[in-house]
Amino acid sequence: MAKWGEGDPRWIVEERADAKNVNNWHWTEKNATQWSKDKLKELLLNIVVEDDRGRCEIKETSKLEGEATANNRKAKLIFFYEFEIELDWEGSLKNSENKTVYKGKVTIPNLSEEHDASDVDVDITVNGESNDAYALKDLMRKKAPALIRAKLDAYIRQLREEFTQGMILPTKSETDSTATKEDADVSAAAKAKVAGKQNGLSPTKKESVGVKIPTTAVAMTVEFKCRVSELYMALTDKNMVRAFTRGGANMVCEAENGGRFSLFDGNVTGQFVELIACQQIKMQWRLRQWPAEHYSDVTIELTEKEDHTLLKLNQTGVPQNFLDNTKDGWYRFYWESIKQTFGFGARLL
């Protein structure tokens, strides 16, 4: 039994000026249904798939039924969502005298918190029984599911990261602690600035100190059963990168010259140096276990062949004692994961 004046902390309502769910103890629920429907429409409409045979595009949402909620209990966020989705797509052949626009549907029957985005069913149908109609259905069946699942993964991530902002509130003690630290930092900075002026000192750049690291190179060639544009997207599109790396909230992929990347919970980091669409990717790349601030230079070249796309990787500056670990990582966590996630290991028909 608690002593007089001490009280059971589970029942202490901490003082807050706004009187909101202090200590995040009470169950709170936020309806995410309309936000989810708007976000799903934004992500899924206008998806385009294309190859030498034809071009298809998702045009409308014909059915979007379900609900979603976000809940906070003791500073833990819990999500419930379940949707059944039907999308209308249109497509036409490129090199054909038949200019008919064919239509069909994409059905997603089981988007819920019980399934990862990669496990969601995506069913494709077409209105028509001609060879041209079946050719477009085949195009959608081979290319659309991976893109759709990447968009659904983006919805789940944004539901967790964006929609729930403000649901977990800081306690008074956390707020006071943060404020005290900020005040201390400002005070210390001000004192240092004054001391510097009194001593006639001016800020100087930190000298770089390093040691020579024995390095080696990695070279590998890998075949992917897909178009070069699809492989390039898998390596640079944020949602597709998130899909094959199983990236969480802290994943970064800024696919532009000078853009940063941080993958696999920060185990792989670096910067894009130069990107030439569907041809070449140059990066400065490192593993977390490498010596601090040591980066390798990576060049990936993509070439589309008759029935596959060829990827050539050249990497210089790899620390010698991490050679095997680095090569194994490329194969397991990049190439094999890309093939399994997007079906790029199957032969093109």
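The values are calculated or read from the model by the stated rules, or taken from the named source; none is laboratory data. Please read these numbers as outputs of a predicted model, since none were measured by experiment. Backbone-built Cβ (ideal geometry, glycine too); neighbour counts: all protein chains shown. Only protein heavy atoms, including side chains, enter the accessible area calculation; ligands, DNA and RNA are left aside. Shrake-Rupley method; radii C 1.70, N 1.55, O 1.52, S 1.80 Å.
In this calculation the C-beta distance from N110 to E336 is compared with R0 = 30 Å, giving a FRET efficiency of 0.70. Normalised by 2.2 N^0.38 Å, where N is the number of residues, the C-alpha radius of gyration of segment 230-349 stands at 1.03. Each other residue within a Cβ distance under 11 Å of R246 adds +1 if Lys or Arg and -1 if Asp or Glu, for a net charge of -2. Modelled this way, with points 7 Å down the Cα-to-C-beta line, the labels at K41 and Q289 are 4.9 nm from one another. Computed from label points 7 Å out along Cα-Cβ, the spacing between E57 and T69 is 3.9 nm. Listed cross-link partners K41/K99; K143/K238; K59/K143; K94/K312; K143/K225; K63/K94 are compared with a 23 Å cut-off, the Cα-Cα value being larger for K41/K99; K94/K312; K63/K94. Solvent exposure of segment 241-349, expressed per residue, is 52 Å² of accessible area, with all protein chains present and a 1.4 angstrom probe.
Starting from the Cα of K327, step 7 Å toward the Cβ, then list every residue of segment 209-250 with an amide N under 19 Å from that point. It comes to 214-223, nothing else.
Once both labels are positioned 7 Å from their Cα atoms along Cα-to-Cβ, the gap between E97 and K312 label points is 4.3 nm.
For the pair segment 281-349 and segment 99-159, the centres of their Cα atoms are 29 angstrom apart.
Annotation for segment 57-86 versus segment 30-56: alpha-carbon center distance of 14 Å. Under the classification rounded if a/c is under 1.5, otherwise prolate if a/b is larger than b/c and oblate if not, where does segment 294-349 fall, given a ≥ b ≥ c as square roots of the Cα gyration tensor eigenvalues? Verdict is oblate for segment 294-349. Taking θ as phi - 60° and the Karplus parameters 6.51, -1.76 and 1.60, the scalar couplings of segment 239-245 work out to 5, 6, 5, 4, 5, 7, 8 Hz in sequence order, x denoting glycine and proline.
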